Structures are given as C-alpha cells and as structure tokens.
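**Q** This is the structure I want to talk about, given as structure tokens.
The values are calculated or read from the model by the stated rules, or taken from the named source; none is laboratory data. Just so we're clear, the structure is a prediction, and the values are computed from it rather than from any experiment. Here the Cβ positions follow ideal geometry from the backbone for every residue, glycine too, while neighbour counts run over all protein chains shown. Just the protein is used for accessible areas: all its heavy atoms, side chains included, with ligands, DNA and RNA removed. Shrake-Rupley method; radii C 1.70, N 1.55, O 1.52, S 1.80 Å.
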Amino acid sequence: MPLNMPVVHPDMDILIQSRDPEAASDIHDERRKWRVYSARLSRPHPDSLAVHDEDVEVRGRTVATRIYRHKGATGLQPCVLYLHGGGFVKGDLDASDSIAWGYAHDSGAMVVSVDYRLAPENPWPAGFDDCYDVLQALVERPDHFGVDPTRIVVGGESAGGFLAASVSLRARDEKLVDLAGQLIVYGAAGTADDSLSSSEFAEGFNLVSKDVEKYHRALFGKMENYRADPYAWPISNPDLSRLPPAFVHSAEIDPIRDDGRAYAARLLLAGNDVCYREAKGMLHGFLRARFTGAAAKREYDAVISFIRNRIQTP
C-alpha cells in the first residue's frame, strides 16, 4: 500500500460492519444483500412527514414513486426529485428511504423518490427514461403533485447521481424546465476506467473497481454501443453549458472519486455554477453513516445546505 494512501475515517466502520462479506451468488442474492445492508443502516421517518406511495402515469406505463411531504404544508412546494443508488442493478424505495426522508425533513422540501427500472432486465435507457418521465409529470401536473416547478432539485447518490446528471442534460436540451439545482453524490459520470482512483481503490471496502465494471456491463451490455449517447456518459456530452447549479460530492476512498472531480471540473469550465466537496477518509455510501458518525453527519449537512440554498426555504 502506498505511504500516502488515505486512512479510512472511523465513521465508516458501521458501513463496513453492516456488509455481508460473502459474495452474492446471483443478481437476486445481490439485491437481497443490499436490502439487508440498507435496513441495518436505516431509521424510520419522523412523524412530521406524511409519506405515501404513488404510481405515476407516464407515456402508457406507470412508475412507482414515494412522496414525502411535510404535514400541514399547503400550496406548491419546492421539491427534490430523488434517484436512489445501487449500481443501476439494485435498490428500491425502501433501501434508500432514510436518505429520501432525510432530504425532506431537513431541507424543508418535499421529496419524490423514483423506483426506476433496474438492469440487467431493463438495460439503458429504461431506468433513465423513468426518472426523466417522472420529472416531466411533476412539471406538467404541478397542482396534482403540489410541486413548484420553479424550485425542483434533481439529485441522487451513486447510480442516482449519474442519472441526475443525465436528467439535467435532457431537461436542458428539451427545454422542459429550468432546474433549481443538480445534486451528484459519489456518482459516476463516465470517466475512463484507468483513472487514478479506479486503480488506487481497485480493492478495498464497499464499492470496488470490478463492481463498477460489472454494473456498467449490466446497464449497457456492450458499452461501446452507447459511447455516442449524450446522456449515457454525461462527462462525454459535447455541451455541458447552461446546466443548473451543481453540488458534486465525492468520497476520497472510492474508485469513482475521480469521476466526481473530472465532472465538476468540466461543468466549471463550461461556465456553470459548481461546488465540489470531497469527504476525506470516507467511503462510497458515507451518507448512510450520518446517524452514528459526527463527521459523516457534517457531510450530509453540506448536502442539505445546498438543497436549502437552491430552493430558498427559510
């Protein structure tokens, strides 16, 4: 191990301890293990929130969502369109419930969490289409959902951060809405597989490089078939200008750390408002440690501060 290798922060112990060290036997077992891991780190939502599941009608199909709204809130509310993580192959409304309700409770916004279709059963762009189509439904039916379309932040972690970047690009191109912000937390944006972080942290804790490659294969099949898709690899989009203000938040000890660094730099060079933050000594998934770790809670609070600033809640 190189002498300058960062030391894992003690707040990350709970993430390591909550993992099942045994390799999954197949995709179904991997999803089961993810649900167990997520449940170990979760907490129930506070009574101040009204939470319900709703199937959203979009283009001849339905997309399951979970909506978190402050009890007593009236009128059109600022909104976070929340896209969960899970490598595009796992995750659901329950597995990221604590992140979603946290964003609502602590930012003052309502949250619409999207249960998008997963790979490999539903390869690209199925899940991406689900996320974008739910955004379109919120914009076109604001009274039904109680959403203020001028104050929507789209965001997520890991695969959800990737999707948030892609949705932001398409919303700009199709002139759907001027998003208030985009939130990309330990998300991949499509950098080269030989980045420094992918080799530094090829093995270790939580996400490792072979997982990233596996997830991309599940999502895209032959990745070269999608290299020209402007939304499949956000960092390769030829035009990254005129995008919503971005908060790009990476974990220092993460094979896709350099995706965050590179994407934030490209956004900045294209003239966008960008804040980049790196959680020192932390692993992919650090927001899940906010209930037990003070340093992880500070990283989470930085996310909340960005949301609050973009939706301008008191």
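**Q** Does any residue in the stretch 219-230 that is more than 13 Å from Phe162 (Cβ to Cβ) come within less than 6 Å, Cβ to Cβ, of a residue that is charged (D, E, K, R) and loosely packed, with under 15 Cβ neighbours inside 10 Å six or more places away or on a different chain, and which pairs are these?
**A** That search, which allows pairs on different chains as well, returns nothing.
**Q** Also, I was wondering about something else. For the stretch 160-198, name all the residues that are of a type outside the set (Phe, Trp, Tyr), at pLDDT 95 or above, open to solvent by less than 20 Å² (accessible area, probe 1.4 Å) and part of a helix (DSSP H, G or I).
**A** Hits for the stretch 160-198 are Gly160, Gly161, Leu163, Ala164, Ala165, Ser166, Val167, Ser168, Leu169, Ala171.
**Q** On the basis of being at pLDDT 95 or above, charged (D, E, K, R) and in contact with a Phe, Trp or Tyr (Cβ under 9 Å, 6 or more places away or on another chain), does Asp106 make the cut?
**A** Working: at pLDDT 95 or above: yes; charged (D, E, K, R): yes; in contact with a Phe, Trp or Tyr (Cβ under 9 Å, 6 or more places away or on another chain): yes.
Taking the combined requirement at face value, the residue satisfies it.
**Q** Across the stretch 81-103, which residue is surrounded by the fewest Cβ atoms within 10 Å (Cβ to Cβ) among those that are under 22 Å from Arg151 (Cα atoms) and hydrophobic (A, V, I, L, M, F, W, C)?
**A** Trp101
This table checks each residue for (1) within 15 Å of Val185 (Cα to Cα); (2) open to solvent by 20 Å² or more (accessible area, probe 1.4 Å).
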position: Ala218; (1), (2): no, yes
position: Tyr226; (1), (2): no, yes
position: Ser250; (1), (2): yes, no
position: Ile256; (1), (2): yes, no
position: Gly260; (1), (2): yes, no
position: Asn272; (1), (2): no, no
position: Tyr276; (1), (2): yes, yes
position: Thr292; (1), (2): no, yes
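**Q** For residues that are of a type in the set (Lys, Arg) and farther than 18 Å from Gly181 by Cβ, tally how many sit in the stretch 140-164.
**A** Taking the stretch 140-164 first, the residues of a type in the set (Lys, Arg) are 141, 151.
In the following step, the residues that additionally are farther than 18 Å from Gly181 by Cβ were identified as 141.
Number of matching residues: 1.
**Q** Quickly run through the stretch 65-80 and pick out the residues that are open to solvent by 50 Å² or more (accessible area, probe 1.4 Å) and within 17 Å of Val114 (Cβ to Cβ).
**A** Across the stretch 65-80, the qualifying residue is only Arg69.
**Q** Check off (1) farther than 22 Å from Ala109 by Cβ; (2) part of a helix (DSSP H, G or I); (3) without any contact (Cβ under 8 Å) to a residue 12 or more places away in the chain for Ala264 and give me the number that stays unchecked.
**A** For Ala264, the failing item is (3).
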